[in-house]
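Novice: Below is the structure I would like to discuss, written out as structure tokens.
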Amino acid sequence: MSTCKPMVAAFVLFASAGAVAQEGPHLGVPVSPADVAAWDISIGPSGAGLPQGSGNASAGASVYNTKCIACHGEKGVGKPSDQLVGGNGTLHDAAPVRTVGSYWPYATTLFDYIRRAMPWPQPQSLTPDEIYSLTAYLLFLNGVVGETDVMNATTLPKVVMPNRDNFDVAYHEPRRR
């Protein structure tokens, strides 16, 4: 899930302490609001901040086969990296299979993770259309959406994940300025 907020908070703290930083060990440089905004790309459960763009599972299959299959296997079955598909009904087992369909509570956090961290060798290199398409493809493979369902900033937050009701929500959307 999202791990960037503490870094953003640290940047903001450092930037707001500008005068104090100059009296310190003279490490780093002041951070502008534009610099902070570039790092502030988190997408929470509500979908606030999702970019323009769209995609569906058919388009996502092509992107997946080009940029994801080497790590996650054909149709997300795993190897050498994590399995992305399956695992339904295993969360109470001794060795649960935590996948997009069996474990993740929100489709928007899947979009967030793909945008932030994938593909592994070139994170943050995918376009919004590619990310929406990959998200749709993984949701389709897990039986959550149809193959032609369009994912975008309006439809993605409305997707109800199979395990959504088994999480206690402790996340609150930050105020966006």
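Please treat every number below as a calculation from the coordinates, not as lab data. None of the values given here were measured: they were computed from a predicted structure. No Cβ is skipped: glycine too gets one built from the backbone with ideal geometry, and neighbour counts run over all protein chains shown.
Novice: May I ask for the net charge around His72, where only other residues with Cβ less than 12 Å from the Cβ of His72 are counted and Lys, Arg are +1 while Asp, Glu are -1? Could the numbers behind the result be given before it?
Specialist: On the way: positive: Lys67, Lys75, Lys79; negative: Glu74, Asp82.
Residues close to His72 contribute a combined charge of +1.
Novice: Rounded, prolate or oblate: which fits region 54-166, taking a ≥ b ≥ c as square roots of the Cα gyration tensor eigenvalues, rounded meaning a/c under 1.5, else prolate when a/b beats b/c?
Specialist: On the way: a/c = 1.68, a/b = 1.18, b/c = 1.42.
Judged from the Cα gyration tensor, region 54-166 comes out oblate (a/c at least 1.5, b/c at or above a/b).
Novice: For Lys67, go through the aspartates and glutamates and keep the ones whose alpha-carbon is under 20 Å away, minus same-chain ones fewer than eight residues off.
Specialist: Partners found: Asp82, Asp112, Asp129, Glu130, Glu147.
Novice: Could you work out how much longer the chain between Ala48 and Phe167 gets when fully extended? Use 0.36 nm per residue separation minus the Cα distance between them, nm to one decimal. Don't jump to the answer; show the numbers that get you there.
Specialist: Numbers: separation 119, 0.36 × 119 = 42.84 nm, distance 2.01 nm.
Answer, rounded to one decimal: 40.8 nm.
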